[in-house]
There are 2 protein chains.
Amino acid sequence: MKAYKDMTKEELAHEIKELKASYKKYKDMDLRLDMSRGKPCREQLDISMGMMDALNSEADLSCADGTDCRNYGVLTGIEEAKVLLGDMMENNPDNIIIYGNSSLNVMYDTIARAMTHGIMGNTPWCKQDKLKFLCPVPGYDRHFAITEYFGIEMIPVAMTPEGPDMDVVEKLVSEDPAVKGIWCTPKYSNPQGYSYSDETVTRFAKLKPAAPDFRIFWDNAYGIHHLYEDKQDYLVEILAECKRCGNPDLVYKFASTSKISFPGSGIAALATSPNNLEDIMKQLKNQTIGHDKVNQLRHVRFFGDIYGMTEHMRKHANIIRPKFEAVLATLDNRLGGLEIGEWTRPIGGYFISFDAMEGCAKAIVEKAKKAGVIMTNAGATWPYGKDPHDSNIRIAPTYPNMEDLKLAAELFTLCVRLVSAEKIYSQMAD
Amino acid sequence: MKAYKDMTKEELAHEIKELKASYKKYKDMDLRLDMSRGKPCREQLDISMGMMDALNSEADLSCADGTDCRNYGVLTGIEEAKVLLGDMMENNPDNIIIYGNSSLNVMYDTIARAMTHGIMGNTPWCKQDKLKFLCPVPGYDRHFAITEYFGIEMIPVAMTPEGPDMDVVEKLVSEDPAVKGIWCTPKYSNPQGYSYSDETVTRFAKLKPAAPDFRIFWDNAYGIHHLYEDKQDYLVEILAECKRCGNPDLVYKFASTSKISFPGSGIAALATSPNNLEDIMKQLKNQTIGHDKVNQLRHVRFFGDIYGMTEHMRKHANIIRPKFEAVLATLDNRLGGLEIGEWTRPIGGYFISFDAMEGCAKAIVEKAKKAGVIMTNAGATWPYGKDPHDSNIRIAPTYPNMEDLKLAAELFTLCVRLVSAEKIYSQMAD
């Protein structure tokens, strides 16, 4: 296909006319499709139904050390859950606290604790004048929502295929004591599907923060969420790397089984250094008597061990890989060569990131919505929902069934073409 | 029996000698008994095992409105869980948020939110100079631990069999804008088993706080935890009463199924006014994508409705009623007439409160511990763990089996007698 910018005004006018006719046809179909959120589809949920049989009324609900999981207690989680999630997170079980059903809640709670009680003896954040977080962009809207809720100023840092721009990160973290944290989705990042390079992780581990209470918020949400068996990203383990670099307390690492077992009914975990754990325990012992041990035990009995979990992830991959490939094929077929957008080709995670021509994202999402296809709001991948380029759109291919997904992807590319063509046309000299 | 204080020095010396001999016999038995925490016993946990079959791999995990409980979403809980807990709490389902596994965590979170964001537009507590909470005493140590953790000054208010001394509560709440809350366990209170009278509840509902951000923290932990079918306490429903009195936003009410289904694996809830709910939602939507809906559905399927839950509570009562009666019988038999202690006779809840002679509680608990019987720490029922009278001891009869419990109660009364007798003896004139 000829790039739109290279078309004559006449050619482009013709293209727009045809695109409008196609768009009308889609609109008349009265679609109700959703490519907005990173939700597993029904088939993915079905593969975890065996978990509902992992514990029944005849089961012994004691864990290996004899603790009756039905009763109160065990503040940091049962040992076998720490082992399972330790293997999943590549961390020592001793460095892990098992929480409730939501790692987002653990991240929220981590910031709330820093606000009211400070980090490892430092002044509580709520008593400090100015708080800033670095936000690699595009990034995850729910991360940004937490920092916004706490009134923490968010500073965008550009993402690259290797991870955040570390020159900028190093400069800001080392020079400004108001910079207290950085949000990272280091593997199969949300939304680009990029994984941080070895060098990036090492540079993170070597950071020399101006603030003694600076922490890296390492949300390893997609650590084992590969799409392919023979093509996988590898991520240097950050806790070990920080220890090696003499910065053992620099990181809070988060993970959960939300996209492994059931979203909202999984178990979440935090891994960090002994000093940070000791700090957190002062809160934890006042906050709860313990998290849901029966659900911890259910996960352990169902998965058995990390091999069982890895096997389970293959089933997920088999369901969603064709969806990613279908969307990418549509993007390639419909937009290839037009020079009106770029997109990532992740080999894991839950998203494809699409960059439209500057100033077009909102119009594209709006046009898709009018024809019945819900995309993530344009701007959502930036702090405060404001993408200064109005360019980035997150595509979430997992939830719709294949038929709906193909339709939605077709319509999406049509909207990209129409909005882009009209924009280019309007800028052409008469 | 003759009261110790009326004995001659010689009689008391003889008594002490005999008690010491008995105590030595118990010590030689090398006991390992625990009457310290309000934990259900194994038999109580067993009656909820059917819950493990309430959902299996063949089950439809959709709730009534069609939502797939396995996936993300439904921030405030599924409707049928709100109905079930609404019936349990005597509140409209629309006034309820279903949380995770721990109401203690919800209380912690409620105070943490007030610290960082304030209540309904008022200045965040962390930006206010002085914060105080009223603490009816004796009370629940984990309530006090939360307020202590947040640096909130705790002011003890005496409990009566009708509830807290409302003259004092009214005065402090109406005069001091630093008073931001009061901890209440209004029904079968921890540890006395007292239930607030109608008048007490109405006086709570009519409070005119000096602080616009004062709230009653109404922890209705034992709302349906009766010991008898024919003898039950009734509690005026506080939300409705507050509304009637023109104070709709005065109360946060907490409850959970921790001592109904499985402690630590139940569901917790908060009930409050629409204004408070709206305020809380600003936090909740940033804090999580939703709590564990599968566990909510599991509870609904297992209990069916409030009648099922009430029936279930009868089974609990049948198990623990004889334990309460055994402890009370031992207290009556061993301490009756000695005038060295007083104790409550609850008809619900999880505790018996014992008041020793002033200055004896620590010594009694220590002596019991040395003979292998763990009681709740003396002082735990007071803010900062400091009982100014060194008098109150909480007895938790539910967890040990009957044989152990009887032994523990015997030993406890023996320790009370020995410590008291020695104290009286030491104060006698030569």
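The values are calculated or read from the model by the stated rules, or taken from the named source; none is laboratory data. Since the structure is predicted, the reported quantities are computational estimates derived from the model, not experimental observations. Glycine gets a Cβ as well: all are built from the backbone with ideal geometry, and neighbour counts include every protein chain shown. Calculation scope for accessible area: heavy atoms of the full protein, side chains included, ligands and nucleic acids excluded. Shrake-Rupley method; radii C 1.70, N 1.55, O 1.52, S 1.80 Å.
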With charges only on Cβ, +1 for K and R and -1 for D and E, what is the dipole size of the stretch B:156-237 about its Cα centre, in debye, rounded to 20?
-> 240 debye
Span-rule helices in chain B, defined as complete DSSP H runs reaching 24 Å or more along the axis (Cα) with Kyte mean at least 0.0 = B:402-427
Nm distances between copies for A:Pro212, ranked from closest, using label points 7 Å along Cα→Cβ | 3.8
Estimated FRET transfer efficiency when R0 is 45 angstrom, pair B:Ser174-A:Lys386 (beta carbons, to 0.05) | 0.45
Cut-off under 5 Å, modelled amide H: who pairs with A:Asn220 long-range = A:Phe254
Using a simple spin-label model with points 7 Å from Cα along the Cα→Cβ vector, what separation in nm is obtained for A:Glu358 and A:Lys5?
-> 1.1 nm
Hey, which lysines would be in cross-link range of A:Lys370, C-alpha to C-alpha under 24 Å, not counting anything within fewer than 8 residues on its own chain?
-> A:Lys17, A:Lys20, A:Lys24, A:Lys25, A:Lys27, A:Lys39, A:Lys323, A:Lys362, A:Lys386, A:Lys406, A:Lys423
Simple label model, 7 Å out from Cα along Cβ direction - B:Asp30 to B:Glu162, nm = 5.4 nm
Hey, for a label at B:Asn318 modelled as a point 7 Å past Cα toward Cβ, could you say which residues of the stretch B:38-82 have their backbone N under 18 Å away?
-> B:41-51
Apply the Karplus parameterisation 6.51 cos²θ - 1.76 cosθ + 1.60, with θ equal to phi minus 60°, to every residue of the stretch B:43-57 and state each ³J(HN,Hα) to the nearest whole Hz, in sequence, with x for glycine and proline.
-> 4, 5, 5, 4, 5, 9, 4, x, 4, 5, 9, 4, 10, 10, 5
Rounded to the nearest 0.05, what FRET efficiency do B:Ser22 and B:Lys130 give with R0 = 56 Å and r taken as the Cβ-Cβ distance? Could you check?
-> 0.65
What is the antiparallel percent of DSSP beta bridges lying wholly in the protein assembly as shown, to the nearest 5?
-> 45 percent
Quick one: putting +1 on the C-beta of Lys and Arg, -1 on the C-beta of Asp and Glu, what dipole do you get for the protein assembly as shown around its Cα centre, in Debye to the nearest 20?
-> 440 debye
Expressed in angstrom and rounded, the centroid-to-centroid distance over alpha carbons for the stretch B:1-30 and the stretch A:302-346 is 78 Å
To the nearest 0.05, how large is the calculated FRET efficiency for A:Lys231 and B:Met402 if R₀ is 51 Å and r is the Cβ-Cβ distance?
-> 0.20
Under-5 Å amide H pairs with A:His225, H placed in peptide plane, nonlocal only | A:Gly349
How far apart are the B:Asp30 label points across copies, placing each 7 Å from Cα toward Cβ, in nm, shortest first?
-> 8.1
For chain A, shape from the Cα gyration tensor axes a ≥ b ≥ c, cut at a/c of 1.5 then a/b versus b/c, turns out oblate
Estimated D of the protein assembly as shown in µm² per second, where Rh is the Kirkwood radius over Cα pairs and Stokes-Einstein applies at 20 °C, 1.002 mPa s | 72 µm²/s
Carbon/sulfur fraction of accessible area - the stretch B:293-374, other protein chains in place, 1.4 Å, % | 48 percent
What GluC sites (Glu not before Pro) does the stretch B:340-430 have in DSSP loop regions with at most 11 other beta carbons within 10 Å?
-> none
Got the A:Gly304 label distances to the other copies yet, label 7 Å along Cα→Cβ, in nm, shortest first?
-> 3.9
Averaged per residue, the 1.4 Å probe accessible area of the protein assembly as shown, protein heavy atoms only, in Å², is roughly 38 Å²
Once you put a point 7 Å from the Cα of A:Ala64 and another 7 Å from the Cα of A:Met49, both along the Cβ direction, what distance in nm separates them?
-> 3.1 nm
Amide H contacts of A:Val137 (H built 1.01 Å from N, under 5 Å, at least 5 apart or other chain) | A:Val157, A:Ala158, A:Met159
For the stretch B:240-355, size of Cβ-based charge dipole, Lys and Arg +1, Asp and Glu -1, in debye = 520 debye
Spit out the partnerless Cys residues in chain B, using Cβ distances under 4.7 Å as the pairing rule.
-> B:Cys41, B:Cys63, B:Cys69, B:Cys135, B:Cys184, B:Cys242, B:Cys245, B:Cys360, B:Cys415
Out of A:Ile280, B:Val365, A:Val173, whose Cα points farthest toward the positive end of the dipole of the protein assembly as shown (charges: +1 Lys, Arg; -1 Asp, Glu; placed on Cβ)?
-> A:Val173
Take the alpha-carbon centre of the stretch A:80-97, take the same for the stretch B:354-401, and report the distance between them in whole Å.
-> 38 Å
Using DSSP to define loop residues, name the GluC sites (Glu not before Pro) in the stretch A:4-73 whose beta-carbon has at most 11 other beta-carbon atoms within 10 Å.
-> A:Glu58
Return the loop-located chymotrypsin sites (Phe, Trp or Tyr not before Pro) in the stretch B:161-233 (DSSP other than H, G, I, E, B) with at most 13 other Cβ atoms within 10 Å of their own Cβ; answer none if there are none.
-> B:Tyr228
Per residue of chain A, what 222 nm ellipticity follows from adding -39500 (n - 2.57) for every DSSP H run with n ≥ 4, rounded to the nearest 500?
-> -13000 deg cm²/dmol
